[in-house]
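Comments concern the structure below.
Taken together, the values in this text are just the output of simple stated rules run on the coordinates, not laboratory data. Keep in mind it's a predicted model, so treat the numbers as computed, not measured. Positions of Cβ are backbone-derived with ideal geometry, glycine not excepted, and every protein chain shown enters the neighbour counts.
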There are 2 protein chains.
Amino acid sequence: MSNTNVLYQHGTLALLVPGLLDGTITMKELLTHGDTGIGTGEGLDGELIILDGTPYQVDSTGSVNIVKGDFTLPFANIHYGNYHKLLSVENISQKELEKRILAQTSINTFFSIKVHGTFKDVKTRAVKKSHKPYDTLAKTAEAQSVFDRQEVSGTVLSYFSPTVFDGAAVAGFHHHFISDKHDFGGHLLSLGTVSGDVEIQQFDTLEQHLPVKNQDYMDFDFSQCDILGDIHKAE
Amino acid sequence: MSNTNVLYQHGTLALLVPGLLDGTITMKELLTHGDTGIGTGEGLDGELIILDGTPYQVDSTGSVNIVKGDFTLPFANIHYGNYHKLLSVENISQKELEKRILAQTSINTFFSIKVHGTFKDVKTRAVKKSHKPYDTLAKTAEAQSVFDRQEVSGTVLSYFSPTVFDGAAVAGFHHHFISDKHDFGGHLLSLGTVSGDVEIQQFDTLEQHLPVKNQDYMDFDFSQCDILGDIHKAE
């Protein structure tokens, strides 16, 4: 049964902070929980965006690849897409876009936003895979690649998480981007203006799955980490 | 299908803080997610403990009542019980009990503990129902009733939540108690010593359900609340 009220999350943002980056779910398994999502690969191997069941990876060279079922991830969000139209926008800034979305919805539950349209001055980043012993999130963020396009047609896929779940997720918006031509994308750093259609899907349930079979995760002492500080610096 | 790896949570500890205390799930619906759990009623109506599918309520007079299917709750945890023996203890303190449990398990995932045995110097509390406009958690905690027993046979049912979920849940242990005779119980404040059997059940998934149909919850501005401060004072 595909329940469109459920947002599935594997791993937490928190576990990325100290570099607990083993891939603990396969893409094949992840896709049993939805057809729309975001994530990153083992060792922070790029930025993933899943649309209509197809998992695209933007790697640190900027290439967009479709990953296979045995590709593994330390962190991902996925759900069964069932969006409805929220608004149409024309030449508005990212700040204005977020403001208009928030004026029409509650920030006390999880929701996803999909924006399809034409974007100007889009800046994305993709993190670079590290190998065991993995780098911390802060160190990976230092070595990230940044890409930009002056004008591009594409899709922003976002998740919004309530403040109380900060650490497990990123509180607020978490945007990934992919161009219609599948030749540009990544974690959205900023956009100049957007014209297009904004859709929303609200969830009533977060299904939070933790990598309990990963001994590094289970044994780790998080008490020495500045989880929230490091997440908000990197994300 | 009853998945014994899943801890179901309705509502958050955070929503209790400002007094968003409408009952947003019925006991009947809650019991479709498990047979073992804890919670509180609408308006903070007592302390609930669910054992083998029977929902006991310790109210603010100290009475233990079995609640009906239409009893509603703003917050609850429930799961399908499938415990295994962790250890036997004899005349140890609560601090020692918690220490021995934590020495044998990871604090990076959710788990439940069930201790059945003989307890000395047990102190419990039960909160008192308020009506709309509801009291805040801090105000309700001031008016709580405290009960004690010098020696009693009974069950401690606990949930442990990882630090990163503090606010959504209470980080660390959250213990409820009920006597074998069903004549004493509540939220466990302290115990002197315990002799008995300690069982554990570890989860890999938190199924976090939010009351999205409750307009008071959805419209509330949590940004002015000291959620974590108030939770740890009250819980």
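Brief remarks follow.
- Of all the listed residues (A:Glu207, A:Glu151, A:Glu235), the sole one being of a type in the set (D, E, K, R) and facing chain B (nearest Cβ under 10 Å) is A:Glu207.
- Residues in the stretch A:151-176 that are under 15 Å from the mean Cα position of the chain (by Cα) and acidic (Asp, Glu): A:Asp166 alone.
- B:Ser106, sole failed condition from (1) more than 25 Å from B:Phe184 (Cβ to Cβ); (2) away from chain A (no Cβ under 14 Å); (3) not acidic (Asp, Glu): (2)
- Being away from every other protein chain (no Cβ under 14 Å), closer than 26 Å to A:Gly117 by Cβ and buried (at least 16 other Cβ atoms within 10 Å of the Cβ) is a property that holds for A:Val198.
- Qualifying residue in the stretch A:130-150 (condition: closer than 26 Å to A:Ser88 by Cβ, in contact (Cβ under 8 Å) with a residue 40 or more places away in the chain and within 16 Å of the chain's Cα centre (by Cα)): no
- A:Asp219 meets the conditions (1) among the charged types (D, E, K, R); (2) surrounded by fewer than 20 Cβ atoms within 10 Å (Cβ to Cβ); (3) farther than 27 Å from A:Thr136 by Cβ; (4) facing chain B (nearest Cβ under 8 Å) in every case but one. The failed one is (3).
- The numbered conditions (1) surrounded by fewer than 16 Cβ atoms within 10 Å (Cβ to Cβ); (2) out of contact with any strand residue (DSSP E or B) (no Cβ under 6 Å at 6 or more places or on another chain); (3) not basic (Lys, Arg) are all true for A:Ser88 except (2).
- Flag for B:Ile50 being among the β-branched types (Val, Ile, Thr), away from chain A (no Cβ under 14 Å) and under 30 Å from B:Gln224 (Cβ atoms): no
- Selection within the stretch A:162-173 - buried (at least 22 other Cβ atoms within 10 Å of the Cβ) and part of a loop (DSSP other than H, G, I, E, B): A:Pro162, A:Gly167, A:Ala168
- Exactly one residue among A:Phe173, A:Phe220 is in contact (Cβ under 8 Å) with a residue 60 or more places away in the chain and either touching a strand residue (DSSP E or B) at 6+ places or on another chain (Cβ under 6 Å) or closer than 16 Å to A:Lys114 by Cα (or both), and that residue is A:Phe173.
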